[in-house]
Amino acid sequence: MGRESVDWTPMDHRGLRKRLAGADCTSCGAAIVGDAIVVLADRGDVAFVQLTCQDCGSRTLSLVVGGAAGPRLDTAGHPELDPATEARLASSPALAEADVADMHRFLDGWQGDLRTLLGGGA
């Protein structure tokens with residue numbers, strides 16, 4: 001996997017890639033390998049990383065916070081969702097390329113405003 005220009009070896013001076021390897025993909029649950037973790041910024045007590053899942057291809061931006069047990073990813077669930085909704089969404093399949101293409105076609109022909117699109121009325 002090629003590195004992006006913002007991923008510079010000295011940016012990972014704490015070895016976050018190695019320490020965070022094996023984290024769960026937030027979309028499919030597969031383990032993220034160290035080579036698929038890009039350290040975008042590291043400020044000591046907080047870092048920003050990008051995780052790319054080799055199984056489903058999703059990319060996640062995550063916050064890494066320090067703690068007594070070492071760094072941990074802040075990939076908490078969605079506190080704005082009730083448990084039933086979160087469970088329903090978690091069991092849904094990830095978006096496929098065909099889903100994105102369908103939405104692109106739909107939006108390409110959309111003539112209304114965002115409020116109407118989202119069901120809020122005119």
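The values are calculated or read from the model by the stated rules, or taken from the named source; none is laboratory data. A quick note: this is a predicted structure, and the numbers were derived from the prediction, not measured. In this analysis, Cβ positions are derived from the backbone assuming ideal geometry, glycine residues included, and neighbour counts consider all displayed protein chains.
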| request: For residues that are in contact (Cβ under 8 Å) with a residue 24 or more places away in the chain and assigned to a strand (DSSP E or B), tally how many sit in the stretch 14-41. | output: 5
| request: Could you check how many residues of the stretch 12-41 are among the acidic types (Asp, Glu) and at pLDDT 85 or above? | output: 2
| In the stretch 42-122, which strands (runs of 3 or more DSSP E) lie fully inside it and hold 3 or more residues that are modelled with pLDDT of 85 or more and out of contact with any His (no Cβ under 8 Å at 6 or more places or on another chain)? | 46-52, 59-65
